[in-house]
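First the structure, in the form of structure tokens, and then the observations on it.
Coordinate-derived values only; no laboratory data. Keep in mind the model is a prediction, meaning the values are calculated, not measured. Positions of Cβ are generated from backbone atoms using ideal geometry, with glycine treated the same way; all protein chains shown enter the neighbour counts.
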Amino acid sequence: MASPFADGIYIVGVGMTPVGEHWETSLRHLALEAIQTARAEAGGLRPQLIYVANMLAPALSGQSHLGTLVADFAGLRGAEAMTVEAAGASGGAALRQAYLALRSGEAEAALVVGVEKVTDKGSSEVESALATAKDADYESVHGLTDTAQAALWMRRYLHEHGAPADALAGFSLTAHRNAVTNPHAMYRRAIEVEDYRKAAMVSEPLNLYDAAPLADGAAAVLLVRGDRLPPGLTHPPTRIAGSAMSTGALALHDQIDPLWMPAAAESCGRALQQAGLQLEDVQLFELHDRFSVQAALSLEAAGFAARGRGWELAQNGAIALQGRLPVTTFGGSKARGDAGGATGIYQVAEAVLQLQGRAGENQVPGARVALVQCLGGAGGTAATHVLVQEPENA
Amino acid sequence: MAQESTPGAAGRAQGMKPLRDVGLAGYGAYIPRYRLPASEVARLWTGGTGPLPIKEKAVAGLDEDVITMSIEAARNALARAEIDPARIRAVWVGSESHPYAVKPTSTVVAEAIGATPHTQAADWEFACKAGTEALQAAIGFVGSGMAEFALSIGMDTAQGRPGDALEYTAGAGGAAFIVGPAEDSLCRIEMSYSYSTDTPDFWRRADAKYPEHGERFTGEPAYFKHIQAAGEALMQSMGTQASDYRYAVFHQPNIKFPQRAAKALGFRPEQIEAGMLVSHIGNTYAGSALVGLTAILDEAQPGDRILLVSYGSGAGSDAFSLVAGEALPLRRQRATDTQSYIQRRTEIDYATYARLRGKLQMH
């Protein structure tokens, strides 16, 4: 009898290290920790493919060739392994490659591990490394950094849409509230709107609470073809029902409208279409909130809010855990911490916890459908996945 | 043989005690008179915005350096010890601002106070714990019977790159301690302990004028880890706890760090108050915890127990447990007390500071 799972690609194990300043833990040890947890959930499953999501190791750790590094260190020599880099979207991009590889039928099981180690270097070196994801000839050559650009972006958003100065505060408040009960979060501390209003300015109008902290961390997910589900799974598998990736302009100034992320809109639409689902079916949205303005633009690009109205969802409780569309349910990049190229895998692993009913105090009640999106640069890359938890006795 | 007396118990967090009981025969502080308010640094570099880590820092005058300041502190220590300086068999100065790269600070100091020529003399270097490292050595030197008295000094005119976070706090000052037999001392040294690792949190290369630091790396894996490990190991070895101490003093790079370290080790704010000088004189680096100790000795009563834990980048901590003796109240009056040095203040602006510290360089 054919398995009810036969057709799909499933996530059968997840693992995460806390995001933070892992002074005593190296890049490879971080990756190993996440991999071991993910494999343990899948009965020690040995993948044939390994995709490592990372954006900064060559610049900040002097280390490239991460596929082999990780395969070797994790005791998986012989596996086909490589790095996938798409700036902040590296995690989603790596997951997408694993999904495609399994769909091709060439392999049965794939490991996707996102890992980033940034705190060995000072902040100016980190900021320079991050800026390499911009258009070197037209953006970074002028000294533009991620944070400075996000400030320009945010100013434009507030100006064009006539939004108040603290319009985006709700994203930060929600993220911090959700992180309080997340054991792998960097900032497990709730904040009030007054904290946001009084926060130190980083680059006007972007303040400390509009920007996510970049820190160390690793997250891993194990993917298996539905017809090869291994025995000994500790949790019911979660299906990747939709997977899509798209690109826009690399430089923000080349975007037709800087306040519209076509890559985010397109990848989201395609992923949902593949899954045969509508926006209304989505029960939680792990969006990429490296900067608060990105959260608003993601909601608009996906279609959850009209253009210029994304920020309002953060004002009325809609994005809270009990709201209509919970986002950043474990704290997002803002409070869980942004682990660069690993962020996309954290998002997926957290969505899996939600769908499998393992989210503890952060649980979105009855969640069966999750949308997960990570962004590279100023929306230049977007990778979107739809995860679905099928009834166990289907 | 009791475990706590096993000499050099290898690989264990075991406190150290010399064969012969030792104590502080004398102590003395020195803090130069000039003060640069942190608001002045902020005025120049941040337009006056942002939080200030301290109120103000002490700045050495044009004709002052670690040598002259060490001599001042050593003379105060000698006055309280009431001994013939010729009996001092070691003059050791710990600093990261030795005026010469090659040529000892300590020989000049030894000569000036009359300890030459029958004496050891050497300079110590271990970032902010060079002074307490010299103190550990003096305990061993006297405790072994090789010397009757040994002088150890922690003194600095700390460097901070213009505009750097450290420029707010990099201050000047320090203290001198004459270690001698426990009997007849002002303060008995019960036990000590040292904890060191290779941790690159802060450094200055030999040819560099200003130090560099690893931002937040200087906190958790550096300062807190070492101070807490050293403090805990010492108290555990002695079977003491925070409540057994009347006073505690820690290295003070800013206000928050020692407050947090104290709390983690179980100390209440009032236990660290007397030795917390950073807000008024800045971080005096190799002198920091030691000058704090002098302020405590200026007010401690016989029987009061004191915990001192230093921290030096690179990195390590020295911890000491001391008990004030009967002779302290009378003999401490023989020299200028630390609060008097703090109150002797002439406020300067950034321009004067730049001149005094040799920061004006035209190319």
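The phi torsions of the stretch A:44-52, fed into the Karplus equation with coefficients 6.51, -1.76 and 1.60 and a -60° offset, translate into couplings of x, 3, 9, x, 8, 10, 10, 10, 9 Hz, rounded to whole numbers, with Gly and Pro shown as x.
Label-to-label distance, A:Val180 versus B:Lys55, with points set 7 angstrom from Cα along the beta-carbon direction: 3.7 nm.
If you place +1 on the Cβ of every Lys and Arg, -1 on the Cβ of every Asp and Glu, and leave all else neutral, what size is the dipole of the stretch B:187-330 about its Cα centre, to the nearest 20 Debye? The calculation lands at about 260 debye. For B:Arg204 and B:Arg355, the FRET efficiency from 1/(1 + (r/R0)^6), where r spans their Cβ atoms and R0 equals 25 Å, is about 0.70. Relative contact order, whole percent, for the stretch B:20-186 stands at 36, derived from Cα pairs under 8 Å and 6 or more residues apart. Positive end of the charge dipole of the stretch B:20-186 (Lys, Arg +1 and Asp, Glu -1 on Cβ, about the Cα centre): tell me which of B:Ile178, B:Thr132, B:Leu36 has its Cα farthest that way. Working it through, the farthest residue towards the positive pole turns out to be B:Leu36. Counting Lys and Arg as +1 and Asp and Glu as -1 over every other residue whose Cβ lies under 12 Å from the Cβ of A:Ala34, the net charge comes to -2.
For A:Arg77 and B:Thr197, what is the calculated FRET efficiency with R₀ set at 30 Å and r taken between the beta-carbons, to the nearest 0.05?
Values: r = 33 Å, r/R0 = 1.10.
Plugging the Cβ-Cβ distance into 1/(1 + (r/R0)^6) gives 0.35.
The relative contact order of chain A, computed from alpha carbon pairs under 8 Å that lie at least 6 residues apart in sequence, is 26 percent. In chain A, excluding the sites themselves, the longest stretch lacking any of the GluC sites (Glu not before Pro) that are in a DSSP loop with at most 12 other Cβ atoms within 10 Å is A:193-391. What the phi angles of the stretch B:122-139 give under the Karplus curve with 6.51, -1.76 and 1.60, with θ = phi - 60°, is a coupling list of 6, 9, 10, 9, 6, 6, 7, 10, 4, x, 6, 5, 4, 5, 4, 5, 5, 4 Hz, glycine and proline written as x. Taking the Cα centroid of the stretch B:156-199 and of the stretch A:302-344, what is the distance between the two, rounded to the nearest whole Å? Their Cα centres are 50 Å away from one another. Of B:Phe177, B:Phe141, A:Phe171, B:Phe224, the sequence from fewest to most neighbouring Cβ atoms within 10 angstrom is B:Phe224, B:Phe141, A:Phe171, B:Phe177. Per-residue ellipticity at 222 nm computed for chain B from its helices equals -8000 deg cm²/dmol, with DSSP H segments shorter than 4 residues left out and the rest contributing -39,500 (n - 2.57).
Summing Cβ point charges (Lys, Arg +1; Asp, Glu -1) relative to the Cα centre of the protein assembly as shown gives a dipole of roughly 560 debye. Each Lys and Arg adds +1 at its Cβ and each Asp and Glu adds -1 at its Cβ; summed about the Cα centre, chain B shows a dipole of about 460 debye.
Beta bridges assigned by DSSP with both partners in the protein assembly as shown are antiparallel in approximately 70 percent of cases.
Expressed to the nearest 5 percent, the antiparallel share of DSSP beta bridges inside chain A is 70 percent. For chain B, the relative contact order comes to 25 percent (Cα pairs under 8 Å, sequence separation of at least 6). Computed extension length for A:Glu127-A:His253: 43.3 nm, one decimal, from 0.36 nm per residue of separation with the Cα-Cα distance subtracted. Legend: ranking of residues B:Asp318, B:Asp349, B:Asp164, B:Asp198 from fewest to most surrounding C-beta atoms inside 10 Å; resulting order B:Asp198, B:Asp349, B:Asp164, B:Asp318. Between the beta carbons of B:Glu82 and B:Arg43, assuming R0 = 51 Å, the FRET efficiency works out to 0.65 to the nearest 0.05. Could you check what % of the DSSP bridge pairs in the stretch B:187-330 are antiparallel, to the nearest 5? Close to 80 percent.
A simple rule links phi to the HN-Hα coupling: the Karplus curve 6.51 cos²θ - 1.76 cosθ + 1.60 with θ = phi - 60°, which for the stretch A:329-338 gives 5, 10, x, x, 5, 4, 10, 5, x, 9 Hz, with x for Gly and Pro. Extension gain for the segment A:Glu160 to A:Thr68, taken as residue separation times 0.36 nm less the Cα-Cα distance, is 28.4 nm to one decimal. Projecting the Cα atoms of A:Ala342, A:Gly379, A:Val52 onto the charge dipole of the protein assembly as shown (Cβ charges, centred on the Cα centre) puts A:Ala342 farthest toward the positive pole. When the Cα gyration tensor is reduced to axis lengths a ≥ b ≥ c, the ratio a/c stays below 1.5 for the stretch B:250-322, which is therefore classed as rounded. In plain terms, if you count all Cα to Cα distances in the protein assembly as shown and split them into 10 Å steps from zero, the share in each step is 3, 14, 20, 18, 15, 14, 10, 5, 1, 0, 0 percent. Each of B:Tyr34, B:Tyr350, B:Tyr210, B:Tyr311 was scored by other Cβ atoms within 10 Å of its Cβ. Listed from fewest to most, they are B:Tyr210, B:Tyr350, B:Tyr34, B:Tyr311.
Reported to the nearest whole Å, the Cα centre-to-centre distance from the stretch B:300-363 to the stretch A:1-79 is 52.
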